[in-house]
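First the structure, in the form of structure tokens, and then the observations on it.
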Amino acid sequence: MSFDLITDNPTINLILYLFYGTFIFQLFFYWGIFSRLAFYKFKNQARKPQAVSVVICAKNEYHNLKENLPLILEQDFPDFEVIVVNDVSDDETYFLLKILSDKYPHLKIVNFVDNVNFFSGKKFPLTIGIKSAKHDIVLLTDADCKPQSMKWIEEMQSQFHSGTEIVLGYGKYKQEPGLLNKIIRFDTLQIALQYLSMALSGMSYMGVGRNLAYRKNLFYRQNGFINHYKVKSGDDDLFVNAATTKQNTKIIISQESHTVSDAKKTFSPWITQKRRHLTSGKYYKLSTKLYLGIYTTTQLLFLAGFITLISVDYTLLIVSSLFLFRLISQLIIYKKVMLKLSEKNFLLLVPVLELFFVILNPLIVLINMISKPDKWK
């Protein structure tokens, strides 16, 4: 083993310097940004509850609505309505909603019989649902999501104070056996690690429609989704990316505030879903693109540099030590965040899954440039 910092090979020297530089960047992300979520201490202050309108878009979601909608309609909260936009479903969705509306007076149905959506995706039906809301606080989720607790609405609305206009929640996936389930839950966790940490850093850039709340007044001031109506995805992240400021966005990560969805059971539909999600990134603000670009590039170069240095048998003690230090930092941060977000059973897979997504995400972006992903429903 050599302990020299410089070799006679200029290519190896370049890789070595890139490895050192990306190590510093990666350490900054983990301890400068991600640690904010890992060590976040939420202080809940009792405030007068504010009325909430829950909005759900549904297209052929009979089975999901039958299972999940009563859990939302029966939330332990004094003043709320639930609006379900039935987007030209050809299953039994409408009849289920009519039955439920007889039992729950606070359920409001917006029923599309004909396809009047001139844009692909759910932005148009979601817009109609939001405009139909009678309360200023609008809480969004999907038909295939269920609240983690009967206090979900209470928790999500509790952060609307002191100028808050957006509240970012966590939408998790149900833990089930199998590698694909771990892959999906890790992907969800690493995305949440970034957008929740950045929000705590005053640089919020996205949220997820499975669990997201904002003021209806803000939606009108932003002209809704008009600036990206033609983009199939982005009803959640692109809206937040445009509307968020350092002062108007807060997060809520208590376990009572989570929503839970069933993860895809096979690889193909999950890839299709992920392809749709990744189409909106190119429409982010320049500052967001720079942040994501620097993080993913330094992540890729750090891992590639380490693998290259090891493969050519250039195993400097300092290289191994830096890799180990970054690995320990990563596991510490992920462990604490997993505890906060009630995720488990894949901590030791984090380094392997990270490498998997370092390869997969650029590949999906490349595929999306060649062919467009399927539209919503």
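Structure data summary
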{"read-out": "Out of 48, 43, sole residue that is part of a loop (DSSP other than H, G, I, E, B), at pLDDT below 95 and either aromatic (Phe, Trp, Tyr) or farther than 22 Å from residue 211 by Cβ (or both)", "value": "48"}
{"read-out": "Conditions (1) charged (D, E, K, R); (2) within 25 Å of residue 208 (Cα to Cα); (3) modelled with pLDDT of 90 or more; number of the one not met by residue 326", "value": "(2)"}
{"read-out": "Any chance residue 344 is under 30 Å from residue 255 (Cα atoms), basic (Lys, Arg) and not in a loop (DSSP other than H, G, I, E, B)", "value": "no"}
{"read-out": "Selection from segment 74-106 of residues that are at pLDDT 95 or above, aliphatic (A, V, I, L, M), surrounded by fewer than 20 Cβ atoms within 10 Å (Cβ to Cβ) and not in a helix (DSSP H, G or I)", "value": "none"}
{"read-out": "Selection count, segment 159-179, where residues are farther than 25 Å from residue 242 by Cβ and out of contact with any helix residue (DSSP H, G or I) (no Cβ under 6 Å at 6 or more places or on another chain)", "value": "7"}
{"read-out": "Output for segment 309-326, where each listed residue is surrounded by 14 or more Cβ atoms within 10 Å (Cβ to Cβ) and either under 24 Å from residue 33 (Cα atoms) or among the small types (Gly, Ala, Ser) (or both)", "value": "319, 320, 322, 323, 326"}
{"read-out": "Long-range neighbours under 6 Å by Cβ, at least six apart or interchain, first residue at pLDDT 95 or above within segment 331-344, second among the β-branched types (Val, Ile, Thr)", "value": "334/350; 340/253"}
{"read-out": "Pair list, Cβ < 6 Å and 6+ apart or interchain, from segment 17-28 residues that are surrounded by fewer than 20 Cβ atoms within 10 Å (Cβ to Cβ) to residues that are assigned to a helix (DSSP H, G or I) and modelled with pLDDT of 95 or more", "value": "18/301; 25/298"}
{"read-out": "Residue check for residue 278: assigned to a helix (DSSP H, G or I), surrounded by 13 or more Cβ atoms within 10 Å (Cβ to Cβ) and of a type in the set (A, V, I, L, M, F, W, C)", "value": "yes"}
{"read-out": "Checking residue 133 against (1) part of a strand (DSSP E or B); (2) among the hydrophobic types (A, V, I, L, M, F, W, C); (3) in contact (Cβ under 8 Å) with a residue 60 or more places away in the chain, the condition it does not meet", "value": "(1)"}
{"read-out": "Extreme residue, farthest from residue 232 (Cα to Cα), among residues of segment 255-275 that are touching a strand residue (DSSP E or B) at 6+ places or on another chain (Cβ under 6 Å) and among the aliphatic types (A, V, I, L, M)", "value": "260"}
{"read-out": "Set 191, 253, 184: member being within 30 Å of residue 351 (Cα to Cα) and in contact with a Leu (Cβ under 9 Å, 6 or more places away or on another chain)", "value": "253"}
{"read-out": "Residue in segment 115-127 that is closer than 21 Å to residue 150 by Cβ and free of Cβ contacts under 8 Å to residues at least 12 places away in the same chain present", "value": "no"}
{"read-out": "Residue list for segment 183-232, restricted to those being charged (D, E, K, R), buried (at least 19 other Cβ atoms within 10 Å of the Cβ) and out of contact with any strand residue (DSSP E or B) (no Cβ under 7 Å at 6 or more places or on another chain)", "value": "187, 232"}
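The values are calculated or read from the model by the stated rules, or taken from the named source; none is laboratory data. Everything numeric in this text was worked out from a predicted model, so none of it was measured. Don't worry about glycine lacking a Cβ; one is built from the backbone with ideal geometry, like all the others, and counts go over all protein chains shown.
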